[in-house]
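The values are calculated or read from the model by the stated rules, or taken from the named source; none is laboratory data. Computed from a prediction, not measured in an experiment: that's the story for all the values here. Virtual Cβ from ideal backbone geometry, glycine too; neighbours counted across all protein chains shown. When the accessible area is computed, the model is the full protein with side chains, heavy atoms only, and any ligands, DNA or RNA have been set aside. Shrake-Rupley method; radii C 1.70, N 1.55, O 1.52, S 1.80 Å.
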Amino acid sequence: MNSKFQKQPEFKQNQQVQSFYEPALVLLNKLIEQKKINLRTKGYDENNAAVTKTEFTETMARQFKITQWLAQQIAGSLIKSNCINSFGGYVKSKDGEA
C-alpha cells in the first residue's frame, strides 16, 4: 500500500481542523471584546482581557455545532501554530489583531 494513502486520514483531520481557524479567531475576538467591555465598565485595564480555554472551546462547540473534542483540537492547533497566545488556562489573540 502506498504511504500517501496511509497518511490520508491524518491529512483529512488536519485539513478539517485548519478549516476552522478563521471562524475560531473571529469568535475569539468577539469573546475578548465582551471581556473588554466588562473590564471597562468595572474600571479595570481592558488590556487584561482574556478568555478561558474551556469557555472558548465550549463556545466553539456550541456555535459551530461540533464536538468538544474537535473544538479542543482546534484550540490546541491555534496555539501550536502561534495564531493565539496561551498562558495558564487562558487564551488571547495576538497583539495587533482584533
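Based on this model, can you work out whether Phe56 counts as loosely packed, with under 11 Cβ neighbours inside 10 Å and touching a residue at least 12 places away in the same chain (Cβ under 8 Å)? Taking the combined requirement at face value, the residue does not satisfy it. Of all residues in the stretch 70-87, those being out of contact with any strand residue (DSSP E or B) (no Cβ under 8 Å at 6 or more places or on another chain), in a helix (DSSP H, G or I) and within 13 Å of Phe20 (Cβ to Cβ) number 7.
Residues of the stretch 59-88 that are open to solvent by 70 Å² or more (accessible area, probe 1.4 Å) and either closer than 14 Å to Leu31 by Cβ or acidic (Asp, Glu) (or both): Arg62, Gln63. Residues in the stretch 18-37 that are open to solvent by less than 80 Å² (accessible area, probe 1.4 Å), assigned to a helix (DSSP H, G or I) and polar (S, T, N, Q): Asn29 only. Summed over the stretch 1-17, the residues that are open to solvent by less than 100 Å² (accessible area, probe 1.4 Å) and either part of a helix (DSSP H, G or I) or modelled with pLDDT of 85 or more (or both) give a count of 8.
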